[in-house]
1. Rolling a 1.4 angstrom probe over the protein heavy atoms, how many square angstrom per residue are accessible across the chain?
2. Angle check, please: helix 56-73 long axis (alpha carbons) against the longest principal axis of the chain (alpha carbons), in degrees 0 to 90, nearest 10.
3. Around PHE2, under 13 Å between beta carbons, what's the net of Lys plus Arg minus Asp minus Glu among the other residues?
4. Which listed residue (ILE48, SER10, ALA77) has the Cα farthest towards the positive end of the charge dipole for the chain, taking +1 on Lys and Arg C-beta and -1 on Asp and Glu C-beta about the Cα centre?
5. Compute the helix-to-body angle for 79-90: its Cα long axis versus the longest principal axis of the chain, expressed 0 to 90° and rounded to tens.
6. Using the Cβ atoms and a cut-off under 12 Å, what net charge is assigned to the surroundings of ALA17, where Lys and Arg are +1 and Asp and Glu are -1?
7. Which whole-number percent gives the relative contact order of the chain, counting Cα pairs below 8 Å spaced six or more residues apart?
8. Roughly how many percent of the accessible protein surface of the chain is carbon and sulfur, given a 1.4 Å probe and a whole-percent answer?
Amino acid sequence: MFYSLFSDGSVSYTYVANKIVDALVGLIPGGQAATIAASIAYKLKAIIRTTDGFSWWDLAGIIIDIGKFIIDLLPAAKLAKVIGILWDLSQLL
């Protein structure tokens, strides 16, 4: 999923952000899912603008960057759990 977004754009920012929010559903307070999805989509766009292409070496940095961003949005979430969710989602290629 991350590969498709960062390499050829065959999936959209919104799709990836919604998949992330769907996986985080137990960590998100009610009613905030759409706002958090929009924030994550915006962050994904910002990350893409700073890269000059995607390599598998970049994946860990991308996951950590998005994970830290999510922790800022959801301070009660555990970083290890968020990173685990993002890693599992990155495998959906």
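1. Per-residue accessible area for the chain comes out at 58 Å².
2. Once rounded, one gets 20 degrees.
3. On the way: positive: LYS19, LYS43; negative: ASP8, ASP58, ASP65, ASP88.
Neighbourhood net charge equals -2.
4. ALA77
5. 50 degrees
6. Values: positive: LYS19, LYS43, LYS45; negative: ASP22.
Cβ neighbours under 12 Å give a net charge of +2.
7. Numbers: 78 pairs, mean separation 35.5, N = 93.
Relative contact order here is 38 percent.
8. Working: 3130 of 5370 Å².
In the chain, the share of accessible area belonging to carbon and sulfur is 58 percent.
The values are calculated or read from the model by the stated rules, or taken from the named source; none is laboratory data. Values in this document were obtained by computation on a predicted structure and should not be read as measured data. When we count neighbours, we look across all protein chains shown, and the Cβ atoms used for this are built from the backbone with ideal geometry, even at glycine. We work out accessible area using only protein heavy atoms, side chains counted, and drop any ligands, DNA or RNA first. Shrake-Rupley method; radii C 1.70, N 1.55, O 1.52, S 1.80 Å.
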